[in-house]
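The structure appears right after this line, and notes come after that.
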Amino acid sequence: MIVYKTEEEIELIRASAKVLAQAHGEVASLIKEGVTTRELDKRAEEFIRDNGGQPSFKGYNDFPFSLCISPNSVVVHGFPSDYTLKGGDIVSIDCGVFLNGYHSDSAYTYPIGEVEPEVIDLLAHTKQSLYLGIEQAVAGNRMGDVGYAIQSFVEKQGYGVVRELVGHGLGKKLHERPEVPNYGKRGSGLKLQTGLVIAIEPMVNLGVKHIVQEKDGWTIRTKDKKPSAHFEHTVVVRKDKAEILTSFEYIEKALQ
């Protein structure tokens, strides 16, 4: 069943999304060469709890951390560890916050030091594809319009769009119906209605679209071991223009 949100519920999600955006900013301020991914996870959890929230991911299906931290060829669901960031890396930080009974979810991929130009382009194009998908998340459109906007743009750049992992609805649960694929046909799929809150999250590979899961049961990596980028916003479907509830504002301030 799809649960459409009232304006009161959307305001609660917005409050959750603000803490999430600020937590991302805290993490962004620490990201540099020489930092371990475990340090980033620790800071995010401290900030979220200090601001009255809970990390949505920690304990979700026994996931043991507050952040999914995915460097280089890891697409999503990477474990924080003693891995030390180094120049030339990229790293995706995915975070969720549970506050006032509602979840929010967003992700951002960072370059570390001097990164290959083709990888910088991958990040820029993946981020752009997120906003192209969001533009289609308006009442009366179809879910396939969102996926088509993302897929058609990134495939023109020669990238692979992951098929097995998709965005999702969210609210009282972290993952609700419907699924939000990053691929699709225009005019197909669920008809979008106002009050639908979804996480749109393109996962785009520099090489092939194919992925593999590692033995830990969580970490997803590109099959060809080329880099992958991931950007995500929590969005509410509106009549004329989708509303983005999460924000990259604090990240961008931290990176200045």
Residue hits (region 113-128; in a helix (DSSP H, G or I), touching a residue at least 40 places away in the same chain (Cβ under 8 Å) and over 16 Å from residue 21 (Cβ atoms)) are 118, 119, 122, 123, 125, 126
Do you know which residues across region 1-46 are closer than 19 Å to residue 174 by Cα, at pLDDT 95 or above and either of a type in the set (Ser, Thr, Tyr) or not in a helix (DSSP H, G or I) (or both)?
2, 3, 4, 5, 6, 16
Name every residue in region 111-157 that is closer than 27 Å to residue 195 by Cβ and either aliphatic (A, V, I, L, M) or modelled with pLDDT under 95 (or both), in order of residue number.
130, 132, 134, 137, 138, 139, 143, 146, 149, 150
I'd like to verify a number: residues in region 139-194 that are touching a residue at least 40 places away in the same chain (Cβ under 8 Å), β-branched (Val, Ile, Thr), open to solvent by less than 70 Å² (accessible area, probe 1.4 Å) and out of contact with any Gly (no Cβ under 6 Å at 6 or more places or on another chain), how many?
3
Picking from 128, 157, 136, which residue would you name as being touching a helix residue (DSSP H, G or I) at 6+ places or on another chain (Cβ under 6 Å), of a type in the set (S, T, N, Q) and over 18 Å from residue 210 (Cα atoms)?
136
Got a number for residues in region 200-223 being in contact (Cβ under 8 Å) with a residue 60 or more places away in the chain and surrounded by fewer than 17 Cβ atoms within 10 Å (Cβ to Cβ)?
1
Of 110, 148, 131, the only residue that is closer than 28 Å to residue 54 by Cα and assigned to a helix (DSSP H, G or I) is 131
State all residues of region 100-135 that are among the polar types (S, T, N, Q) and buried (at least 22 other Cβ atoms within 10 Å of the Cβ); if no residue qualifies, say none.
104, 106, 109, 126, 129
Among (1) hydrophobic (A, V, I, L, M, F, W, C); (2) under 17 Å from the mean Cα position of the chain (by Cα); (3) crowded, with 21+ Cβ neighbours inside 10 Å, which single condition is residue 63 missing?
(3)
Return a yes/no flag: does region 89-98 have any residue that is over 30 Å from residue 171 (Cα atoms) and in a loop (DSSP other than H, G, I, E, B).
yes
So which of 48, 93, 69 ends up being of a type in the set (Val, Ile, Thr), more than 14 Å from the chain's Cα centre (by Cα) and either open to solvent by less than 10 Å² (accessible area, probe 1.4 Å) or more than 19 Å from residue 16 (Cα to Cα) (or both)?
48
Across region 65-84, what is the total count of residues that are over 20 Å from residue 222 (Cβ atoms) and touching a Gly at 6+ places or on another chain (Cβ under 8 Å)?
1
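The values are calculated or read from the model by the stated rules, or taken from the named source; none is laboratory data. Everything quoted here is computed from the prediction, not taken from an experiment. Methodologically, a virtual Cβ is constructed for each residue, glycine included, from the backbone with ideal geometry; neighbour enumeration extends over all protein chains shown. Protein only, heavy atoms only, side chains kept; ligands, DNA and RNA dropped before computing areas. Shrake-Rupley method; radii C 1.70, N 1.55, O 1.52, S 1.80 Å.
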